[in-house]
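See below for the structure under consideration.
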Amino acid sequence: MIKINLLPQRRPKKRGAAADPSANHLVVGVAGLVAAAAIVALLVDRPKRVRLAELTRDNQQLQTAIRTKTQQLEGYADLKKAADEADERYRSIKRLLSAKVVPANVLHELGEILMTGKRPKMTKDMLRRTSSGDDSDPNKRFQDDWDASHVWLSGFTDTAGLFRLEGGAQSESDVTQLAKRLAASVYFTDVTPAGGERVADAQTGASYFKFTITGKVAY
């Protein structure tokens, strides 16, 4: 009986057959990508990482230096503020002295009034009237946060106890604050703003309020 094998037969590979070209191209492509990635890492990424490390180190050194300087300058802001206030008071008193010699206590009081955050020397009754309580007097009350640097004095005359104060201010409201402080002080009475006008500085052209305040000195 004749037997017929219908299963496909594997043909033996021929020795020396050429390799698949597509496989070779794939290997070359992968190798190229690996090489390119290595070049990018070497020429681009690594220098950036080195630079980042240098900047981080420099920043840490700078922060350390800043902390050291801050500790060394602790209290400098308060000292500078005190020096500026003393200089401001000196200039105001110097202008008054050039106009007329007045008693030291009056000069001191004017200096205190012209300092930001300072209050005039007041009696207990005046202190109550200028406070924010229910029994205070709104007409006597003044702003504690008023910036006294907005006002400068150009002259002070005292004739038999009657004084005349002249100067300039940024606004009319600054003159009002100054007058209220003078009126609250134990050293001045009958304080009255005697008029004023807005003028322009001859040198700079800047506009300011020129004022005059009159009253009595309580020696």
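The values are calculated or read from the model by the stated rules, or taken from the named source; none is laboratory data. Bear in mind the structure is a predicted one, so any value in this text is a computation, not a measurement. Virtual Cβ from ideal backbone geometry, glycine too; neighbours counted across all protein chains shown.
Do the conditions hold for Asp201, that is, is it among the acidic types (Asp, Glu), surrounded by fewer than 19 Cβ atoms within 10 Å (Cβ to Cβ), modelled with pLDDT of 90 or more and in the same structural domain as Asn105 (by TED's automatic domain parsing)? No.
Of the residues that make up the stretch 177-197, is at least one free of Cβ contacts under 8 Å to residues at least 12 places away in the same chain and of a type in the set (Gly, Ala, Ser)? Before you say what the answer is, go through the steps one by one.
Step one: of the stretch 177-197, the residues free of Cβ contacts under 8 Å to residues at least 12 places away in the same chain are none.
Checked the stretch 177-197: no residue is free of Cβ contacts under 8 Å to residues at least 12 places away in the same chain and of a type in the set (Gly, Ala, Ser).
Mind listing whichever residues of the stretch 156-188 are in a loop (DSSP other than H, G, I, E, B) and within 24 Å of the chain's Cα centre (by Cα)? Quick ask: steps written out before the conclusion?
Just the residues of the stretch 156-188 that are in a loop (DSSP other than H, G, I, E, B), to begin with: 160-161, 170-171, 185-187.
Selection gives Gln170, Ser171.
Exactly one residue among Leu96, Leu153 is outside any loop (DSSP other than H, G, I, E, B) and either outside the structural domain of Gly195 (by TED's automatic domain parsing) or at pLDDT 85 or above (or both), and that residue is Leu153. Checked against the criterion of being in the same structural domain as Thr212 (by TED's automatic domain parsing), acidic (Asp, Glu) and loosely packed, with under 14 Cβ neighbours inside 10 Å, the candidates Asp137, Asp174, Asp158 yield just one match: Asp137.
Screening the stretch 169-178 for residues that are under 12 Å from Gly195 (Cα atoms) and in contact with a Gly (Cβ under 9 Å, 6 or more places away or on another chain) and picking the one that is modelled with the highest pLDDT gives Val175.
Given the options Arg89, Arg57, Arg164, name the one that is modelled with pLDDT under 90 and under 21 Å from Tyr187 (Cβ atoms).
Details: Arg57 fails: under 21 Å from Tyr187 (Cβ atoms); Arg164 fails: modelled with pLDDT under 90.
That would be Arg89, the only listed residue that is modelled with pLDDT under 90 and under 21 Å from Tyr187 (Cβ atoms).
Every test in (1) over 22 Å from Asp201 (Cβ atoms); (2) surrounded by 20 or more Cβ atoms within 10 Å (Cβ to Cβ); (3) touching a Ser or Thr at 6+ places or on another chain (Cβ under 8 Å) is passed by Gly167 save one, and that test is (1).
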